[in-house]
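Asks: Dropping a structure here in structure tokens format, bear with me for questions.
The values are calculated or read from the model by the stated rules, or taken from the named source; none is laboratory data. Because the structure is a prediction, the values reported are computed rather than measured. Every residue, glycine among them, receives a Cβ derived from its backbone with ideal geometry; neighbour counts consider all protein chains shown. Side chains included, ligands, DNA and RNA excluded: accessible areas come from the protein's heavy atoms. Shrake-Rupley method; radii C 1.70, N 1.55, O 1.52, S 1.80 Å.
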Amino acid sequence: MSQSFSDKVVNHFVAEYYLLPLLENKLIDTNVATRTGKGLSYAEKKVSDFLNQITYNYDGDIYIIKIDVHKYFYNIDHNILISMLERDIDDKKIINLLKIIINETNKPYVNKIINNINTKHNLDLPLYKEGVGLSIGAMSSQFLAIYYLNDLDHYIKQKLRCKYYVRYMDDLLILTRNEDEIKNIFIEINNYFHKLKLEMNPKSNVYKLSNGFKFLGLKRQKYFHTISTNIINVNMRRITKKLDKLYNEDYIFFLKSYSSYNGYFNKDKGFKDRYNMKGKGFTMSEREKYEQYREKYKNYLLMVKGAKYYSSFDTDAYVISELLNYRLFKNNSIGYSKGTLYKIIKKLEVFDLPYVIIEDKDIVVPGNEKLYAEMIKSCEKMHKLKQDADSLLDELIKIGSDNEKKYEEIKKMINDEYNKLTNVKGD
């Protein structure tokens, strides 16, 4: 279903400069799919907010309508959609362009290609019927799909007076306290679907919060006065199977995949415990990222990109400290700007030392790992010397508080010897 580059340009242009400016303001706030500032996380937040509001100071059961449209993209009626667009857009040139895009699925080549793919790969992809369906993957199609049910959204909110209503593309959710009311609402929505020439998926039904309901990959259920939220089993199995494989075969790629599932992990503690991620998801500190990468790149100098600066830790921080004569922070780390990063890289390349820059796209530069291992040993000894000297100076401060002149003499003597050993200027 992937589009050619030229088709993507046209569809992005139409969505960005025609559909969004002319139709976005007609959509309700809780129509949340594929819209800027909304999406899956916004949908989850609205559902949680609605559940908190409707259960507040109420001990009775909550009733839920959950509706899914049967093969939604393949059953959007062209004539109904175009009549809606003609009602809401005055510009005839824009309407004519939209008609061309919408009616593209009527072309014979579309089903011919799908049949070839089905035969070649033993698949069962649906075919397009005449005058029905939107192309899969186009940005304009995504917007037209969230727009097609817009009249139904307003009907549910204004005519049926459903206060707690969320729609994510073709997944509809309504909450109410009244059991009789929700049965009538379900019937009314089903009748409205017939007007749009759509059918409910057989899974669509009325549920009780006490029995639990599934929506957008999460199961929510009320136990006494608490509402639990968990990832549904089928998603859990699919994700863990993928991550287990990566965890054992490619740990770095595992970390990147883990970050993409961070929203899920925040919903279910079991995932975080399973992968020993210290319960923090992938909003890791620079040190935690450093520690995870250290397992794979044992003899590489690691430099981790943070929000504003780069950081290195422990033995890598010792090396950078010695190379550039920089002081360490108290937690055995060192922070530096992008400009300093380039200075460090130049130094490393002079000695042919391997390094990894950990950022959006990791940069891995191999080098002489044996030499780097020797340098770490040397820098660790130097760091120990400095620590011993600092501890001795702390003791001298206590001793010299009563005899300042004697203290300065001893401090000067130690600094002289220290500078000879470390070749570091200053005290």
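Conditions (1) within 34 Å of the chain's Cα centre (by Cα); (2) surrounded by fewer than 19 Cβ atoms within 10 Å (Cβ to Cβ), marked per residue:
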| position | (1), (2) |
| --- | --- |
| Asp170 | yes, no |
| Thr176 | yes, no |
| Asp180 | no, yes |
| Lys183 | no, yes |
| Asn190 | no, yes |
| Lys195 | no, yes |
| Met200 | yes, yes |
| Lys203 | yes, yes |
| Leu209 | yes, no |
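Asks: How many residues, within region 230-246, are open to solvent by 60 Å² or more (accessible area, probe 1.4 Å) and either outside any helix (DSSP H, G or I) or basic (Lys, Arg) (or both)?
Replies: Adding up the residues that qualify gives 6.
Asks: Taking region 43-90 on its own, how many of its residues are within 18 Å of Glu181 (Cβ to Cβ), not hydrophobic (A, V, I, L, M, F, W, C) and not in a strand (DSSP E or B)?
Replies: 5
Asks: Quick one: what pairs do we get from region 43-71, first residue open to solvent by 10 Å² or more (accessible area, probe 1.4 Å), second aromatic (Phe, Trp, Tyr), C-beta under 7 Å, 6+ apart or different chains?
Replies: Final answer for the pair search is Phe50/Tyr164; Lys66/Tyr207; Lys66/Phe213; Lys66/Phe215.
Asks: Follow-up question, since we're still on this one. Which of the residues spanning region 91-148 are assigned to a helix (DSSP H, G or I), over 21 Å from Asn31 (Cα atoms), among the hydrophobic types (A, V, I, L, M, F, W, C) and touching a residue at least 12 places away in the same chain (Cβ under 8 Å)?
Replies: Ile94, Ile95, Leu97, Leu98, Ile101, Ile102, Val110, Ile114 - these are the residues of region 91-148 that are assigned to a helix (DSSP H, G or I), over 21 Å from Asn31 (Cα atoms), among the hydrophobic types (A, V, I, L, M, F, W, C) and touching a residue at least 12 places away in the same chain (Cβ under 8 Å).
Asks: A further question on this structure: Sort out which residues of region 317-357 are touching a helix residue (DSSP H, G or I) at 6+ places or on another chain (Cβ under 9 Å), open to solvent by 20 Å² or more (accessible area, probe 1.4 Å) and either in a loop (DSSP other than H, G, I, E, B) or of a type in the set (Lys, Arg) (or both), and write them in order of number.
Replies: Matches in region 317-357: Tyr326, Arg327, Leu328, Phe329, Asn331, Asn332, Lys343, Lys347, Phe351, Asp352.
Asks: Looking at (1) more than 18 Å from Ile80 (Cβ to Cβ); (2) out of contact with any Gly (no Cβ under 9 Å at 6 or more places or on another chain), which is the one condition that is false for Arg177?
Replies: (2)
Asks: With the requirement that a residue be more than 17 Å from Ile82 (Cβ to Cβ), in contact with a Leu (Cβ under 9 Å, 6 or more places away or on another chain) and of a type in the set (S, T, N, Q), what does region 127-163 give you?
Replies: Gln142
Asks: Tally the residues that are open to solvent by less than 50 Å² (accessible area, probe 1.4 Å), outside any helix (DSSP H, G or I) and free of Cβ contacts under 8 Å to residues at least 24 places away in the same chain, restricting the search to region 1-42.
Replies: The qualifying residues number 1.
The rows are residues; the columns are (1) of a type outside the set (Lys, Arg); (2) in contact with a Gly (Cβ under 8 Å, 6 or more places away or on another chain).
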| residue | (1), (2) |
| --- | --- |
| Ser41 | yes, yes |
| Lys45 | no, no |
| Asn52 | yes, no |
| Tyr58 | yes, no |
| Lys66 | no, no |
| Val69 | yes, no |
| Tyr74 | yes, yes |
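Asks: Further question on the same structure: Conditions: (1) open to solvent by 10 Å² or more (accessible area, probe 1.4 Å); (2) farther than 24 Å from Asn75 by Cα; (3) among the hydrophobic types (A, V, I, L, M, F, W, C); (4) touching a strand residue (DSSP E or B) at 6+ places or on another chain (Cβ under 6 Å). Leu160 meets all but one. Number of the miss?
Replies: Leu160 satisfies all of (1) open to solvent by 10 Å² or more (accessible area, probe 1.4 Å); (2) farther than 24 Å from Asn75 by Cα; (3) among the hydrophobic types (A, V, I, L, M, F, W, C); (4) touching a strand residue (DSSP E or B) at 6+ places or on another chain (Cβ under 6 Å) except (4).
Asks: Scan region 190-197 and give yes if some residue there is part of a strand (DSSP E or B), modelled with pLDDT of 85 or more and more than 21 Å from Val32 (Cα to Cα), otherwise no.
Replies: no
Asks: Every residue in region 211-220 that is part of a loop (DSSP other than H, G, I, E, B) and open to solvent by 80 Å² or more (accessible area, probe 1.4 Å), please.
Replies: Within region 211-220, just Asn211 meets the criteria.
Asks: I want to confirm something. Restricting to region 358-373 and keeping residues that are under 28 Å from the mean Cα position of the chain (by Cα) and either farther than 13 Å from Asn299 by Cβ or of a type in the set (Ser, Thr, Tyr) (or both), which single residue is surrounded by the most Cβ atoms within 10 Å (Cβ to Cβ)?
Replies: Ile358
Asks: Search region 96-147 for residues being among the small types (Gly, Ala, Ser) and at pLDDT below 90, and hand back the single one that is surrounded by the most Cβ atoms within 10 Å (Cβ to Cβ).
Replies: Ala138
Asks: Count, please, the residues in region 82-95 that happen to be surrounded by 15 or more Cβ atoms within 10 Å (Cβ to Cβ) and closer than 19 Å to Leu149 by Cβ.
Replies: 4
Asks: Report yes if some residue within region 386-395 is under 24 Å from Val304 (Cβ atoms) and modelled with pLDDT of 70 or more; otherwise report no.
Replies: Among the residues of region 386-395, at least one is under 24 Å from Val304 (Cβ atoms) and modelled with pLDDT of 70 or more, which makes the answer yes.
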